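Undergrad: The structure that follows is given in the form of structure tokens.
The values are calculated or read from the model by the stated rules, or taken from the named source; none is laboratory data. Quick caveat, the model's predicted, so the values are computed rather than measured. Virtual Cβ from ideal backbone geometry, glycine too; neighbours counted across all protein chains shown.
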Amino acid sequence: MTDMTEAEVRDEVRAWLQENWDPNLGLVEWRNKLADTGWGMPAWPKEWYGKGMPNSYATAVEEEFQKVGAIGVARAGIRMLAAATLLEHGSDMHKEKFLRRILTGEDTWCQLFSEPGSGSDLAGAVTRADLKDGKWIINGQKVWTTSAHHAQWGLLLARTDWDVPKHKGLSYFVLDMTQDAVDVQPLRQMNGHASFNQVFFTDAVIEPEFMVEGLGNGWKIATTTLMHERRGADGLRRWAMGTDRPERAYAEEREELAHAMAPYKWYPQRMGRVDLVIQRAKETGKYDDPVVRQEIAKLLTLAKSAEWTARRARAAQVLGRNQGPEGSIGKLAASHVARLGNHVHTMISGADAMLTGEDSPMDGVIAEILVSTPAISIAGGTDEIQRNIISERVLGMPKEPRNDTDRPFRDVPRNMIR
């Protein structure tokens, strides 16, 4: 299909939708049709539920779906991070077992990376995977794990070798989250939400075929997952919004989104809510304050620049370029926007910004912004990590001195002993 023009692709998908799209179908039944024909993810390989089209054509297909209101494949949560990782690094068995059910939405996923003693220093993970009687036995703890409370599967980074440098001793697994040896406990945040979980493993079992791309390749694979995550860190996507149409497929999609997106409902606040600034300035009379106006101008300029950076990253994706450090640039820009948004909202609301609940401006939204924005500078890699990536991989600066990358990990001082 790669020899077709974009206009021909649009004509073909339009004709296919006219013949096949039926909003009265069940959601899984409809998405299985998409998987069978490749129209759900047309840029994926033909042998794995795609059509092998360029990403630019995939955008055209998405637009044709939107024109008729056709529902696409499941994207909510971290499903697409799992799919992108397994497409690049997984075995045929992994792709056969997981990809279709990711597209249909039948499986939910979580990402088991961060630990209490190794957040930014992800390569310092100490959750251990030991091979016993032909199976991997997992012991340890992960934290800040979104959606772990309802995930069937987890992307797990664990240490399989303590006698090599830390980056080389990690392996990547797909973990069955439903086994009794996995204990998921919610964490209450200072903004009142409980989006994250801590996860404890006590002799959890992983069959050997659920290791991804072989022993010791965990760091390389985790980097793929994180680059996809950072590329999407500039805000919530359109697919997170359902419709109020009554047909069965739409009703089932609304239920799916309500379940999958519940942990993310405060995410607009963590982005700084630039969209509310002008409205708030007018409501409070601060619109004519020259100091406030100057800060608003700074914020809108920075936000627009960040938007253009995000668009460049998406354009690179459409052109089929590999994931690169532009994701780190976009994520760092989002942090700056959020912090400045926090500052501007504080200037506009004054002391009222410290009130919570119904007494707070906008029924608590402003207060929620102030306590939520720090999250954007932490999740998916801290600002400091992003600056290191940009300085080393974009600007070509020397790496910062390290004393923990060239000796066995068991000899590296750390704040958790194993």
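Undergrad: Go through the stretch 123-232 and tell me which strands (runs of 3 or more DSSP E), entirely inside it, have 2 or more residues that are within 18 Å of the chain's Cα centre (by Cα).
TA: Per the criteria, 153-159, 170-176, 196-206.
Undergrad: Would you check if there is a residue in the stretch 154-166 being in contact with a strand residue (DSSP E or B) (Cβ under 7 Å, 6 or more places away or on another chain), hydrophobic (A, V, I, L, M, F, W, C) and more than 22 Å from Leu122 (Cβ to Cβ)?
TA: Looking for residues that are in contact with a strand residue (DSSP E or B) (Cβ under 7 Å, 6 or more places away or on another chain), hydrophobic (A, V, I, L, M, F, W, C) and more than 22 Å from Leu122 (Cβ to Cβ), one finds none in the stretch 154-166, hence no.
Undergrad: Select from the stretch 241-265 the residues that are aromatic (Phe, Trp, Tyr) and either in contact with a strand residue (DSSP E or B) (Cβ under 8 Å, 6 or more places away or on another chain) or at pLDDT below 85 (or both) and list them in ascending order.
TA: Result: Tyr264, single match.
Undergrad: Filtering the stretch 372-418 down to residues that are over 24 Å from the mean Cα position of the chain (by Cα) and in a helix (DSSP H, G or I), which residue is nearest to Gly272 (Cα to Cα)?
TA: Only one residue tops the list, namely Phe409.
Undergrad: For the stretch 63-71, state whether one or more residues are closer than 27 Å to Val199 by Cα, surrounded by fewer than 22 Cβ atoms within 10 Å (Cβ to Cβ) and either within 16 Å of the chain's Cα centre (by Cα) or aliphatic (A, V, I, L, M) (or both).
TA: No: the stretch 63-71 contains no residue that is closer than 27 Å to Val199 by Cα, surrounded by fewer than 22 Cβ atoms within 10 Å (Cβ to Cβ) and either within 16 Å of the chain's Cα centre (by Cα) or aliphatic (A, V, I, L, M) (or both).
Undergrad: Hey, can you tell me all the residues within the stretch 327-366 that are over 24 Å from Ala297 (Cα atoms) and either in contact with a Cys (Cβ under 8 Å, 6 or more places away or on another chain) or of a type in the set (Val, Ile, Thr) (or both)?
TA: Thr356
Undergrad: List the residue pairs whose Cβ atoms are under 7 Å apart, where the first residue sits in the stretch 76-97 and is without any contact (Cβ under 8 Å) to a residue 24 or more places away in the chain, the second is part of a helix (DSSP H, G or I) and among the charged types (D, E, K, R), and the two are 6 or more positions apart or on different chains.
TA: Going by the 7 Å Cβ cut-off, there are no qualifying pairs.
Undergrad: Would it be correct to say that Lys282 is closer than 25 Å to Val371 by Cβ, among the basic types (Lys, Arg) and at pLDDT 90 or above?
TA: In short, yes.
Every residue, every condition in (1) in the same structural domain as Leu276 (by TED's automatic domain parsing); (2) at pLDDT 80 or above; (3) aliphatic (A, V, I, L, M); (4) crowded, with 16+ Cβ neighbours inside 10 Å, yes or no:
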position	(1), (2), (3), (4)
Asp363	yes, yes, no, no
Glu368	yes, yes, no, yes
Asn388	no, yes, no, yes
Met397	no, yes, yes, no
Asn403	no, no, no, no
Pro408	no, yes, no, no
Arg418	no, no, no, no
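Undergrad: Okay, moving on. Looking at the stretch 250-297 only, could you name the residues that are buried (at least 19 other Cβ atoms within 10 Å of the Cβ), among the small types (Gly, Ala, Ser) and within 13 Å of Ser349 (Cβ to Cβ)?
TA: Ala281
Undergrad: If you scan the stretch 146-174, which residues turn out to be among the hydroxyl-bearing types (Ser, Thr, Tyr), touching a Cys at 6+ places or on another chain (Cβ under 9 Å) and surrounded by 23 or more Cβ atoms within 10 Å (Cβ to Cβ)?
TA: Correct list: Ser147 only.
Undergrad: From Met41, Met4, grab the single residue that is of a type in the set (A, V, I, L, M, F, W, C) and either surrounded by 16 or more Cβ atoms within 10 Å (Cβ to Cβ) or in a helix (DSSP H, G or I) (or both).
TA: Going through Met41, Met4 in turn, the sole match is Met41.
Undergrad: Right, next: Does the stretch 111-120 include one or more residues that are among the aromatic types (Phe, Trp, Tyr) and under 20 Å from Tyr264 (Cα atoms)?
TA: Checked the stretch 111-120: at least one residue is among the aromatic types (Phe, Trp, Tyr) and under 20 Å from Tyr264 (Cα atoms).
Undergrad: Something else: For Arg14, indicate whether it is among the charged types (D, E, K, R) and buried (at least 17 other Cβ atoms within 10 Å of the Cβ).
TA: The answer is no for Arg14.
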